[in-house]
Amino acid sequence: MLGIIGGSGLTKLPGLSITHRQVIRTPFGEPSGPLTFGDLDGHPVVFMARHGHGHTIPPHLVNYRANLWALREQKVSHIVSVATVGGIHPDLKPGDLCVPDQIIDYTHGRETSFTEYNGKPVTHLDFTWPYCEAMRQRCMEALRGVNEPFMSGGVYGAVQGPRLETKAEIDRLARDGVDMVGMTGMPEAYLARELGLCYAAIAASVNWAAGRGDSATGISSAIIEACLADVVERLRGVLINLARMNYAAPEPESGL
C-alpha cells in the first residue's frame, strides 16, 4: 500500500475519500498525528502529516521514528515524501520539481536509528543510494503522466532548521555539491531503509535558497506561501497517478 508523507494540505486532494483516521501507538513515542486512511481515485492510501495538525511540529522535533514505524505497522510498503526545498541548482527555481537521488545530512541531535531499541547487534546498512530506485522511477512516471517537467536526480542537503540558512551556509552547501536544501529529508530516508520500506521523495522548490535569485537580500515568506499553493495544486495529479500504480509486490529494501 502507498503511504504519503507531506503537509496537512495534501489531505484535501480531489478524489481523496477519507474513510477514517487512526491514532497509532509505537515503541518510539507518538507520531506527528493520526494516520489518515482513504481512497485516492479508488486506490487505498495512507497519509501522514509530517508536521502535525496545523503544521505545529518543527522539523528538528518531528518524531521520524514513530512516523515511519506507524506507517509500516499499517502495511504501508511504499512511501512518497512530498518535501519543500530551497533551490540552489540553477534548474531549481521556485515552482520547479525534482526527484532527488542523493542526500547529504547536516542535521544533528535527531534520533537516527531503530537499532538501540530492537535488542539486536548494531547493523551498518548500505546507504550508497539513499532512495529506493523503484519508487523513484514510479515518481518520475507519475510526473510524466501529467506532463509535469522535473529534474531527474539531484543532491538534497538536509539541514537542522527551523531557521533558514545564511548566504554563507548556502555557498558552502553549493561547494559540497548540494542542489536543494530542506529540513526533513533525514533521518526519514534512512529510517525507511531500516524498516525495509521503498521510499522516495518529490522535492518542490518554493524559493531560491539564501543569497540566490530573488532571495539575494532575503527570503520572502509571502513568495513561499504563494509558490507552495501552486505546487500543491500541481502535485495532486501526480499523487493520483502514483496511487493508481500496483503496490502488491513491493521491491524490498535491505532493512534490519
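Observations
- Against the rule of thumb 2.2 N^0.38 Å, how large the Cα Rg of region 2-244 comes out: 0.96
- Rounded to the nearest Hz, the phi-derived 3J(HN,Hα) couplings of region 146-156 under the Karplus curve 6.51 cos²θ - 1.76 cosθ + 1.60 (θ = phi - 60°) are 10, 6, 9, x, 7, 9, 8, x, x, 9, 8, where x marks glycine and proline.
- Taking amide H as placed 1.01 Å from N in the peptide plane, the amide H of Ile79 sits under 5 Å from that of Gly3, Cys198, Tyr199, Ala200, each at least 5 places away or on another chain.
- Lys, Arg +1 and Asp, Glu -1 on Cβ, resulting dipole of the chain about Cα centre, debye, nearest 20: 440 debye
- The mean sequence distance of close C-alpha pairs (under 8 Å, at least 6 residues apart), as a share of the length of the chain, puts its relative contact order at 26 percent.
- FRET efficiency for the Arg172 to Phe127 pair, using the beta carbon distance and R₀ = 22 Å, is estimated at 0.50.
Here, each number is a calculation from the coordinates, and none is a lab measurement. The shown structure was predicted, so the numbers you read here are calculated from the model rather than taken from an experiment. Positions of Cβ are backbone-derived with ideal geometry, glycine not excepted, and every protein chain shown enters the neighbour counts.
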